[in-house]
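S.K.: The structure that follows is given in the form of structure tokens.
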Amino acid sequence: MTVEGPAARLRGGDQVAALTAELRTQIISGALRPGEALRQELLADRFATSRMPIREALRVLENEGLVVLVPHKGASVAPLDPAELEEVYEMRVAAETLALRRAIPELSNAQIDRAERIQDRAEAAGMAGFGALNRLFHTTLYAPCGRPRLLAHIAGLIDVADRYLTFTAGALDYRDRSHREHRALLAACRRRDEATAVDLLGRHIAEAGETLLRYLQESPRTGRGD
């Protein structure tokens, strides 16, 4: 388990935030696997801190659905759960189509150009960079919506969704399809065709979720920490 980082040099609330961010990154990337124990004393040693900020960071991650805390047993990385995956993608469809609907009237050509450059990078990148660039593409289009709570909610949902993508990416390479759908979405945004853009986005997210769910259900050992 490798979780060392700059958090060890911080104190107070900044330290808790840094610890939370580092652990979140490790969980989403798969460095900390589903079901893996998160022993507070070991984490405290690695981060050169006391257990208190570790406990606070783990509570934040529990609220995000990334960690399971069991009284008298400790913490572990949350398992992958088909029911959670299905719920998260249903919520993503609702939240992200709302964000895009609100964003389109405010989208500038410069913002669409930025999203297109990100898409260019995504198509040139390998699988290792796909998740981060995919997230950046989407959030760039949503940014003008003027709904900070909605954007924060979407960011949390994408964090959870990215865990599932990490554990299925090796077997499910649907990047080409995703890239085609992103290009169609960009074209609709350039036309300021709200109805088409929202419809494309909703189907894009829903069908990705269905693909991941089907794979997870058919491959019960994938990412479950077995």
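The values are calculated or read from the model by the stated rules, or taken from the named source; none is laboratory data. Everything numeric here is computed off the predicted structure, so don't read it as measured data. Note that we place each Cβ from the backbone using ideal geometry, even for glycine, and neighbour counts take in every protein chain shown. Heavy atoms of the whole protein, side chains included, go into the accessibility calculation; ligands, DNA and RNA do not. Shrake-Rupley method; radii C 1.70, N 1.55, O 1.52, S 1.80 Å.
S.K.: Cα gyration tensor of the chain, axes a ≥ b ≥ c as square roots of the eigenvalues: rounded (a/c below 1.5), prolate (a/b > b/c) or oblate?
M.R.: Values: a/c = 2.14, a/b = 1.62, b/c = 1.32.
Prolate shape, in that a/c is at least 1.5 and a/b is the bigger ratio.
S.K.: For the chain, what does the relative contact order come out to in percent, with C-alpha contacts under 8 Å and a separation of six or more?
M.R.: Relative CO of the chain lands at 24 percent.
S.K.: Then there's this: Note down the relative contact order for segment 43-143 as a percent, whole number, built from C-alpha pairs under 8 angstrom at least six residues apart.
M.R.: Values: 55 pairs, mean separation 17.5, N = 101.
In percent, rounded to a whole number, it is 17.
S.K.: Provide the packing ranking of 66-75, 25-34, 52-61, i.e. peptides ordered by the mean count of other C-beta atoms within 10 Å per residue, highest first.
M.R.: Values: 66-75: 14.0, 25-34: 18.4, 52-61: 20.1.
Packing order, densest peptide first, comes out as 52-61, 25-34, 66-75.
S.K.: Work out from phi, with θ = phi - 60° and the Karplus expression 6.51 cos²θ - 1.76 cosθ + 1.60, the ³J(HN,Hα) of each residue of segment 197-210, listed in order in whole Hz, and give x for Gly and Pro.
M.R.: 4, 5, 5, 4, 5, x, 5, 4, 6, 4, 5, 5, x, 5
S.K.: May I ask you to give the solvent-accessible area per residue for segment 41-166, in square angstrom, as obtained with a 1.4 angstrom probe? Spell out each step's value before the answer.
M.R.: Working: 6130 Å² over 126 residues.
Per-residue accessible area for segment 41-166 comes out at 49 Å².
S.K.: So how do Tyr89, Tyr215 rank on accessible area, 1.4 Å probe, biggest first, that is with the largest at the start? Write out the running numbers ahead of the final one.
M.R.: Working: Tyr89 20, Tyr215 55 Å².
These residues rank, largest area first, as Tyr215, Tyr89.
S.K.: 5 Å is the cut-off here: which amide hydrogens, built 1.01 Å from N in the peptide plane, fall below it relative to Val67, excluding neighbours closer than 5 in sequence?
M.R.: Glu62, Ala78
S.K.: What does the C-alpha gyration tensor say about the overall shape of segment 115-199? Classify as rounded when a/c is under 1.5, otherwise prolate if a/b is larger than b/c, or oblate.
M.R.: Numbers: a/c = 1.95, a/b = 1.23, b/c = 1.59.
Judged from the Cα gyration tensor, segment 115-199 comes out oblate (a/c at least 1.5, b/c at or above a/b).
S.K.: Can you give the angle from 0 to 90° between the axis of helix 148-168 and the longest principal axis of the chain, with both taken from C-alpha atoms, to the nearest 10?
M.R.: Compared with the principal axis, the helix lies near 80 degrees.
S.K.: Is the shape of segment 84-150 rounded, prolate or oblate, going by the alpha carbon gyration tensor and its root eigenvalues a ≥ b ≥ c, with a/c under 1.5 for rounded and a/b larger than b/c for prolate? Mind dumping the intermediate values first?
M.R.: Details: a/c = 2.83, a/b = 1.09, b/c = 2.61.
In terms of gyration-tensor shape, oblate.
S.K.: Can I ask one more? Apply the Karplus curve 6.51 cos²θ - 1.76 cosθ + 1.60, θ = phi - 60°, to the phi angles in segment 49-62 and return the couplings in whole Hz, x for Gly and Pro.
M.R.: Here the 3J(HN,Hα) series is 9, 7, 6, 4, x, 5, 4, 5, 5, 5, 5, 4, 5, 5 Hz.
S.K.: Sticking with this one: Just to confirm the number: angle between the C-alpha axis of helix 109-124 and the first principal axis of the chain, 0 to 90 degrees, nearest 10?
M.R.: Taking Cα atoms only, the helix is inclined about 60 degrees.
S.K.: Stretch Met52-Gln40 to full length: gain in nm at 0.36 nm per residue minus the Cα-Cα span? Please report the intermediate quantities before stating the final value.
M.R.: Details: separation 12, 0.36 × 12 = 4.32 nm, distance 0.89 nm.
Length gained between Met52 and Gln40: 3.4 nm.
S.K.: So, with a 1.4 angstrom probe, what is the percent of accessible area on segment 93-169 that is carbon and sulfur?
M.R.: Numbers: 1810 of 3350 Å².
That fraction is 54 percent.
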